[in-house]
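Asks: Input: one structure, supplied below.
The values are calculated or read from the model by the stated rules, or taken from the named source; none is laboratory data. Bear in mind the structure is a predicted one, so any value in this text is a computation, not a measurement. Ideal geometry is used to build each Cβ from the backbone, glycine not excepted, and the neighbour counts take in all protein chains shown. What goes into the accessible areas is simple: the full protein's heavy atoms, side chains included, and nothing from ligands, DNA or RNA. Shrake-Rupley method; radii C 1.70, N 1.55, O 1.52, S 1.80 Å.
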Amino acid sequence: MKLTMNKIRQGEDEVIIQYREMNEQIRSLARIVRGMEQRISAFAEGKQFLLTPEEILYLESVDGVTFAYLADRVCRVSAGLGELAVYYEGRGFFRCSKSMALNIYKIHYLKSEPGNRIRATMENGEQVMISRRYAKQLRRILKGGTEDEE
């Protein structure tokens, strides 16, 4: 498959897929492109918001309720933590503990902690602890590997 990319100075970003025959690879590419426009329904201060995954620093589940932490506010999300972590894994979300998933693109820096844990300081200064159960997976992701490698 040939890939051609052109930088433009003005106008809207556009993806054009040209194919001879529709196959699973083409369908997968189309799903990825369409998925970039998907939003997450969230609630805060009596209002409903539509968030892009890229706005979210991390997700946390407390007593069965999922919250999205943004740089300047916290919103309640109707979807479950596990569902969101898996669905947006390709966009930087990583399950870092039983009750949290963080956006690896929003990490400012990492620090190793005793017990094989990792402390992640997010862009807004908040600190999130990555449990030892998930630390190895994060190291593999940061090295450019995939979950399936061992």
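Asks: Show me 51-63, 122-134 ranked by packing, highest mean number of other Cβ atoms within 10 Å first.
Replies: 51-63, 122-134
Asks: May I ask you to order 21-32, 70-81 by the average number of other C-beta atoms within 10 Å around their residues, highest value first?
Replies: Those peptides, ordered most packed to least, come out 70-81, 21-32.
Asks: Using a 1.4 angstrom probe, figure out how much accessible area segment 1-103 has per residue, in square angstrom, rounded to the nearest whole.
Replies: 73
Asks: Using the alpha-carbon centroid of each, what span in Å lies between segment 4-23 and segment 115-134?
Replies: 38
Asks: So, one more: Can you give the calculated 222 nm mean residue ellipticity of the chain, where each DSSP H run of n ≥ 4 adds -39,500 (n - 2.57) and the sum is split over every residue, rounded to the nearest 500 deg cm²/dmol?
Replies: Rounded to the nearest 500, it is -6000 deg cm²/dmol.
Asks: To check my understanding: the extent here is largest minus smallest coordinate of the Cα atoms along each principal axis. What are those three numbers for segment 1-105, in Å, largest first?
Replies: 50, 31, 22
Asks: Something else about it: Using only Cα atoms, tell me the angle between helix 24-35 and the longest principal axis of the chain; keep it within 0 to 90° and round to the nearest 10.
Replies: 60
Asks: Against the longest principal axis of the chain, how steep is helix 132-142, in degrees 0 to 90 to the nearest 10, with axes from Cα atoms?
Replies: Between helix and principal axis, roughly 30 degrees.
Asks: Using a simple spin-label model with points 7 Å from Cα along the Cα→Cβ vector, what separation in nm is obtained for A71 and I16?
Replies: 3.4
Asks: Within segment 29-150, how many Lys pairs that are eight or more residues apart, or on different chains, come under 21 Å at the alpha-carbon?
Replies: Summing the qualifying lysine pairs gives 7.
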